[in-house]
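Colleague: First the structure, then my questions, so here it is.
The values are calculated or read from the model by the stated rules, or taken from the named source; none is laboratory data. Here the structure is a predicted model, which means the values were calculated and not measured. Neighbour counts run over all protein chains shown; Cβ positions are idealised from the backbone, glycine included.
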Amino acid sequence: METRFMLSENDLPTRWYNAQADLSEPLPPPLHPATLQPVGPADLEPLFPMDIIMQEVSTERYIDIPTDIQDILKLWRPTPLVRAVRLEKALGTPAKIFYKHEGVSPVGSHKPNTAVAQAYYNKISGINSVTTETGAGQWGSALAMACNFFDMACKVYMVRVSYQQKPYRRSLMRLFGAEVTASPSTETEAGRAILAQDPESTGSLGIAISEAVEVALQDPKVKYSLGSVLNHVLMHQTVIGEETIKQLDMAGAEPDVVIGCVGGGSNFGGLALPFFRQNVQDGAKTRLVAVEPMACPTMTKGIYAFDYGDTAKMAPVVKMDTLGHDFIPPGIHAGGLRYHGVSPLLAALHRRGYVNPIAYTQIPVFEAARLFTQSEGIIPAPESAHAIRAAIDEALEAKEQGEERVIVFGLSGHGHFDLTAYDAFMDGKLQDYAYPEEKIQEALKKLPQVAE
């Protein structure tokens, strides 16, 4: 039985898919954080190069991938699609389980797919220095690598709890030449304001974004890069789903469900959006399941509203599923899933019925990760383990109902830098945590008042 479905580098997608072309109605435009009026390209230019801005607002269905970007992506792409036969056997399920393995990239996650593109577009626009935030460190290490390839400086504000939990991600960023600072920091007004309120703040992605954006806004020679949420980021990631469609065809399998973990949405969007295209264009019926932690239940418990993208209210205001820009998540080990909002594109697809979100507490997630490790021999990132949990539950449901179900999930990264979290799990020190409803409601009271 064939279990690994490999494409050659000649099969690397040469176009990104832009799902905005297949929306029945356009997304609400982003708003200026000060005026709450729609922004134009000139408003975004202090943060992003113009090529990125035009991709952000584009409604073209496909955008060509420059050959310089393709050449770097070929260092690890196309990535394998693997049938998890040993996991199937362990579960005793008639379902077929496939995973798209993005952990084979040089930094061990899907994040370089957009990091290389963003570094390239900054470089050709004359920018030699970028700033960003990172949670678990996967995005920060990806951008550090991409900036190294293009001989650019990279400054990373890393959420403090992850800075402490994941020191080797920090080491990797520094090895590529990036400067890494724990956030909140004393380097920015945004960071100092947070520390004045709470000197022991564990930080959040919203705070780290504020610090990175502040640095970019103060220096015209520095631009800001974002690892998730915005349309251009999800578009760059669609190489994942485009490859997966070809590989499933090789396997002779049609997916019943496609599953991915969700923080800001780049991993899930990259895998799922090409299947969304098949659903709307070809009449396919693939269910698209987005999995998040109950400690940060953005899609399952948040509201669909305009909100600031960061804590200090400097980033554009977008309409998304949100828990409120002041949301400070607990220090769960899935650091890449702790953002207060989600991609406006995914939020719109959720609200229109194309995406089905679910949430788990972290102990069942780590139990799924252990079973996957012991079955397939790969240690998944805690973020990816959320998708594994959902895939296992789908497979067990198929077993109970006697169905031959085809399940595809995104293994968005490996967990080699997350062994401290696995130690805590195996030592019985992890605690399940569901973010209290009253705290969510309190945070939502501070949303910007936007007339719609």
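Colleague: Residue pairs, Cβ under 6 Å, 6 or more apart or interchain, first in region 191-204 and among the aliphatic types (A, V, I, L, M), second not in a loop (DSSP other than H, G, I, E, B). List them.
Modeller: If the second residue must be not in a loop (DSSP other than H, G, I, E, B), the pairs left are I194/I207.
Colleague: Quick one: in region 170-216, of everything that is of a type in the set (G, A, S), touching a Gly at 6+ places or on another chain (Cβ under 8 Å) and modelled with pLDDT of 95 or more, which residue is surrounded by the fewest Cβ atoms within 10 Å (Cβ to Cβ)?
Modeller: By that ranking, first place goes to A182.
Colleague: Next question, about the same structure. Within the bounds of region 278-287, is there any residue that is surrounded by 24 or more Cβ atoms within 10 Å (Cβ to Cβ) and touching a residue at least 24 places away in the same chain (Cβ under 8 Å)?
Modeller: no
Colleague: While we're looking at this one, here's another question. Could you check region 102-117 and list, in sequence order, the residues that are in contact with a Gly (Cβ under 9 Å, 6 or more places away or on another chain) and more than 13 Å from S266 (Cα to Cα)?
Modeller: G103, S105, V107, G108
Colleague: Still on this structure: Could you tell me whether L323 is over 23 Å from R61 (Cα atoms) and either touching a Ser or Thr at 6+ places or on another chain (Cβ under 7 Å) or buried (at least 24 other Cβ atoms within 10 Å of the Cβ) (or both)?
Modeller: It is true that L323 is over 23 Å from R61 (Cα atoms) and either touching a Ser or Thr at 6+ places or on another chain (Cβ under 7 Å) or buried (at least 24 other Cβ atoms within 10 Å of the Cβ) (or both).
Colleague: A further question on this structure: Just need a number here: residues in region 63-80 that are in contact (Cβ under 8 Å) with a residue 40 or more places away in the chain and either surrounded by fewer than 19 Cβ atoms within 10 Å (Cβ to Cβ) or in contact with a Phe, Trp or Tyr (Cβ under 9 Å, 6 or more places away or on another chain) (or both).
Modeller: 10
Colleague: Is there a residue in region 225-247 that is in a helix (DSSP H, G or I) and without any contact (Cβ under 8 Å) to a residue 12 or more places away in the chain?
Modeller: Scanning region 225-247 turns up no residue that is in a helix (DSSP H, G or I) and without any contact (Cβ under 8 Å) to a residue 12 or more places away in the chain.
Colleague: Here are some residues: E403, E383. Which one is part of a loop (DSSP other than H, G, I, E, B), among the acidic types (D, E) and in contact (Cβ under 8 Å) with a residue 60 or more places away in the chain?
Modeller: E403
Colleague: Then there is this: Would you please name the residue that is farthest from G413 (Cα to Cα), looking only at residues in region 343-379 that are small (G, A, S) and outside any loop (DSSP other than H, G, I, E, B)?
Modeller: A348
Colleague: If you don't mind, there's one more thing I want to ask. Among the residues of region 46-61, are any crowded, with 16+ Cβ neighbours inside 10 Å and farther than 30 Å from R351 by Cα?
Modeller: yes
Colleague: Okay, next question. Using the structure shown, decide if R338 is surrounded by fewer than 24 Cβ atoms within 10 Å (Cβ to Cβ) and not aliphatic (A, V, I, L, M).
Modeller: No: the conditions fail for R338.
Okay, residues lined up against (1) small (G, A, S); (2) within 21 Å of E56 (Cβ to Cβ); (3) in a helix (DSSP H, G or I); (4) in contact (Cβ under 8 Å) with a residue 12 or more places away in the chain:
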site	(1), (2), (3), (4)
T114	no, yes, yes, yes
E133	no, yes, no, yes
A146	yes, yes, yes, yes
D151	no, no, no, yes
K155	no, no, no, yes
Y168	no, no, yes, yes
L172	no, no, yes, yes
V180	no, no, no, yes
V215	no, yes, yes, yes
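Colleague: Identify all residues within region 397-423 that are at pLDDT 95 or above, in contact with a helix residue (DSSP H, G or I) (Cβ under 6 Å, 6 or more places away or on another chain) and either farther than 12 Å from L87 by Cβ or surrounded by fewer than 19 Cβ atoms within 10 Å (Cβ to Cβ) (or both); write none if there are none.
Modeller: Those that are at pLDDT 95 or above, in contact with a helix residue (DSSP H, G or I) (Cβ under 6 Å, 6 or more places away or on another chain) and either farther than 12 Å from L87 by Cβ or surrounded by fewer than 19 Cβ atoms within 10 Å (Cβ to Cβ) (or both): R405, G410, S412, G413, H414.
Colleague: Could I ask something else about it? Going by what's in this entry, would R83 be described as surrounded by fewer than 18 Cβ atoms within 10 Å (Cβ to Cβ) and touching a residue at least 12 places away in the same chain (Cβ under 8 Å)?
Modeller: no
Colleague: Filter region 157-166 for residues that are in a helix (DSSP H, G or I) and not β-branched (V, I, T); which is surrounded by the most Cβ atoms within 10 Å (Cβ to Cβ)?
Modeller: Applying the filter and picking the extreme gives S162.
Colleague: Further question: Are any of the residues in region 35-58 within 30 Å of P380 (Cβ to Cβ), in contact (Cβ under 8 Å) with a residue 24 or more places away in the chain and not in a loop (DSSP other than H, G, I, E, B)?
Modeller: Within region 35-58, not a single residue is within 30 Å of P380 (Cβ to Cβ), in contact (Cβ under 8 Å) with a residue 24 or more places away in the chain and not in a loop (DSSP other than H, G, I, E, B).
Colleague: Counting only residues that are part of a loop (DSSP other than H, G, I, E, B) and within 19 Å of the chain's Cα centre (by Cα), how many does region 79-112 have?
Modeller: 7
Colleague: Another question, if that's okay. Name the residue, out of V57, V82, that is closer than 21 Å to S412 by Cβ and of a type in the set (V, I, T).
Modeller: Result of the check over V57, V82: V82.
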